[in-house]
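Undergrad: I have a structure I would like to understand better, so I am pasting it below and will then ask my questions one at a time.
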Amino acid sequence: GESVGLHLPTLSVQEGDNSIINCAYSNSASDYFIWYKQESGKGPQFIIDIRSNMDKRQGQRVTVLLNKTVKHLSLQIAATQPGDSAVYFCAEKNSGAGSYQLTFGKGTKLSVIP
Amino acid sequence: DAGVIQSPRHEVTEMGQEVTLRCKPISGHNSLFWYRQTMMRGLELLIYFNNNVPIDDSGMPEDRFSAKMPNASFSTLKIQPSEPRDSAVYFCASSFPNVETQYFGPGTRLLVL
């Protein structure tokens, strides 16, 4: 079946450097994508989202890029800080009418080296 | 503003016992989702409600699991009887009408011995 997957399960980044977390999706009918951050012992926290009619969206220190041609999603974190250490999940929503279910990837663990 | 509230935060029980997890969604949200998270399977959707009505329960593992939403501000997920393989973190999430962004609660860590 179609699912959301991640290229890299773990990522270590030096503090101050930029981080890039990648996500591949296989459902061409997905029209909405979202990134969550999950710190240890907490629930997933919304970071940023993007619709399929866009290819880039920026937030505070974060940017999400969407490449529909190769079905690839990425999360860029600028000037990574120790507080960014967490597991990051991408999720997609199928454009099926009336459906607001999200399908989550397995997650990438980001470790920031001080 | 209060986020999604879940209780209990931790639950340790013995195999065969009944477990009830509780969730209070964010006020104004009309969609509520129950997820289970394990290392092996990641985050799995169990069931979701829209306007207190179950829309899709295809993710519920088996008949031992049941969920209810008697009103817009309360939902329960019940496991009876519980088994060790049910050990996981159970999350509740809610969203505004016709909005995809879901907001998660802190989760309930369940350990079935």
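The values are calculated or read from the model by the stated rules, or taken from the named source; none is laboratory data. For clarity, every value in this text was computed on a predicted model and none was experimentally measured. Backbone-built Cβ (ideal geometry, glycine too); neighbour counts: all protein chains shown.
Undergrad: Quick one: B:Asn98 ticks every box in (1) among the polar types (S, T, N, Q); (2) touching a residue at least 24 places away in the same chain (Cβ under 8 Å); (3) out of contact with any strand residue (DSSP E or B) (no Cβ under 7 Å at 6 or more places or on another chain); (4) within 10 Å of another protein chain (Cβ to nearest Cβ) bar one, so which box is it?
TA: If we test B:Asn98 against (1) among the polar types (S, T, N, Q); (2) touching a residue at least 24 places away in the same chain (Cβ under 8 Å); (3) out of contact with any strand residue (DSSP E or B) (no Cβ under 7 Å at 6 or more places or on another chain); (4) within 10 Å of another protein chain (Cβ to nearest Cβ), just (2) comes out false.
Undergrad: Same structure, new question: Residues to consider are A:Ser95, A:Ser85, A:Ser111; find the one that is of a type outside the set (Val, Ile, Thr), over 13 Å from the mean Cα position of the chain (by Cα), more than 10 Å from chain B (Cβ to nearest Cβ) and surrounded by 17 or more Cβ atoms within 10 Å (Cβ to Cβ).
TA: After applying the criteria, what remains is A:Ser85.
Undergrad: All but one of (1) within 14 Å of another protein chain (Cβ to nearest Cβ); (2) in contact with a Ser or Thr (Cβ under 8 Å, 6 or more places away or on another chain); (3) modelled with pLDDT of 95 or more hold for A:Lys56; state the number of the condition that does not hold.
TA: Status for A:Lys56: all satisfied but (1).
Undergrad: In the stretch B:27-57, which residue that is touching a residue at least 12 places away in the same chain (Cβ under 8 Å), within 23 Å of A:Ser40 (Cβ to Cβ) and of a type in the set (A, V, I, L, M, F, W, C) is nearest to the other protein chains (Cβ to nearest Cβ)?
TA: The selected residue is B:Leu43.
Undergrad: Consider the stretch A:15-63. How many of its residues are among the small types (Gly, Ala, Ser) and touching a strand residue (DSSP E or B) at 6+ places or on another chain (Cβ under 6 Å)?
TA: 7
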